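Input: a single structure, listed below in structure tokens.
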Amino acid sequence: MIDHFAVRRDGRLHPLLYALPLNCFALARYWDGSTLTGPTRGRAFENAFYRACERSGLPLDERAGSRTLRGAATASGFSHESDAVFVAPDVTVHVELKHLSSPVSKTDLMVFNQKGLDFLLGGDPRLCRRPLHRVFVSGSRLSDEARRFALVWGIVTVEPDRLPLPLLHWILGSSLAPPRGLRTAPEEAWRWIPIMVAALQDRLRRMAECAGGGEDVLARGRIDHALVTLQRDDGALFWRALDAQDPLWLEHVWAGLVGTRPAPSKASFGSPVSAI
């Protein structure tokens, strides 16, 4: 738990984009669905997520079975199902939940992305006038193609073995000393992560410019750097630094989500939830 660290305010993401990926990261790592299979496991994973939201106080507005997004219908008239929708006065967060026995493919990300486009192109002002962020939560790892597609479209991905980019951004704006061996300058990472987890409206504006030719939404080298150098390599260093402060920091997050109380840890941290 890391609210203890918050020292930098300029350029921060919306509080929901810190609190939600943190809780989802704990869920992806510690929720045990090993005795379940197929759709049964997926539904159980969703229900665990909903209970976690209730315990943490996150403003869950729609859940599985919902056919709208912030009350808005699709442009096509198709009834896409939303796993979870978070509604705040100044932002909407659309969540997709998966717990597969194999790595998540790019097709899963493409389908989720198309849902968001279909809802947004419906033109409902309740949805269009606020930034629409997307979060894809997986209990298994994502394929590299899925990660790359998500970055192009600004989708936040959460999987068990990588720090989510918003969580890494939170840590970069903290009092935690940057660990040795980083391959990305902290100031550069602080500026670039919000670009890589952008609202769908921002991506569409950028793509309109790209359609004229001569530019990319994100340069391929930037995508490679984000996935390998920043998230995988530098993220592992920051993860070890967090463990050095408190080996049970993520276990404490999980304990709060399921209503248990682990033994006190060496450090005393708060939670990004308190910032909402």
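The values are calculated or read from the model by the stated rules, or taken from the named source; none is laboratory data. Keep in mind the model is a prediction, meaning the values are calculated, not measured. Here the Cβ positions follow ideal geometry from the backbone for every residue, glycine too, while neighbour counts run over all protein chains shown.
What the table below lists for this structure:
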item: Among the candidates Leu182, Leu165, Leu142, residue that is more than 26 Å from Gly71 (Cβ to Cβ), surrounded by 23 or more Cβ atoms within 10 Å (Cβ to Cβ) and without any contact (Cβ under 8 Å) to a residue 60 or more places away in the chain; result: Leu142
item: Any chance Asn47 is assigned to a helix (DSSP H, G or I), under 16 Å from the mean Cα position of the chain (by Cα) and polar (S, T, N, Q); result: no
item: Extreme residue, nearest to Pro21 (Cα to Cα), among residues of region 65-77 that are modelled with pLDDT of 95 or more and assigned to a strand (DSSP E or B); result: Leu69
item: Matching entry among Leu151, Leu100 (being surrounded by 22 or more Cβ atoms within 10 Å (Cβ to Cβ) and of a type outside the set (S, T, N, Q)); result: Leu151
item: Boolean, Asp10 is crowded, with 16+ Cβ neighbours inside 10 Å and modelled with pLDDT under 95; result: no
item: Extreme residue, surrounded by the most Cβ atoms within 10 Å (Cβ to Cβ), among residues of region 209-230 that are β-branched (Val, Ile, Thr) and closer than 17 Å to Arg162 by Cβ; result: Ile223
item: In region 173-193, the residues that are under 30 Å from Ser105 (Cβ atoms) and at pLDDT below 95; result: Trp192
item: Filter result for Leu36 (in contact (Cβ under 8 Å) with a residue 12 or more places away in the chain, in a loop (DSSP other than H, G, I, E, B) and not small (Gly, Ala, Ser)); result: no
item: Qualifying residue in region 181-192 (condition: closer than 26 Å to Ser82 by Cβ and either in contact with an Asp or Glu (Cβ under 7 Å, 6 or more places away or on another chain) or part of a loop (DSSP other than H, G, I, E, B) (or both)); result: no
item: Helices (runs of 4 or more DSSP H) wholly inside region 209-274 containing at least 2 residues that are at pLDDT below 95 and within 23 Å of Asp32 (Cα to Cα); result: 249-258
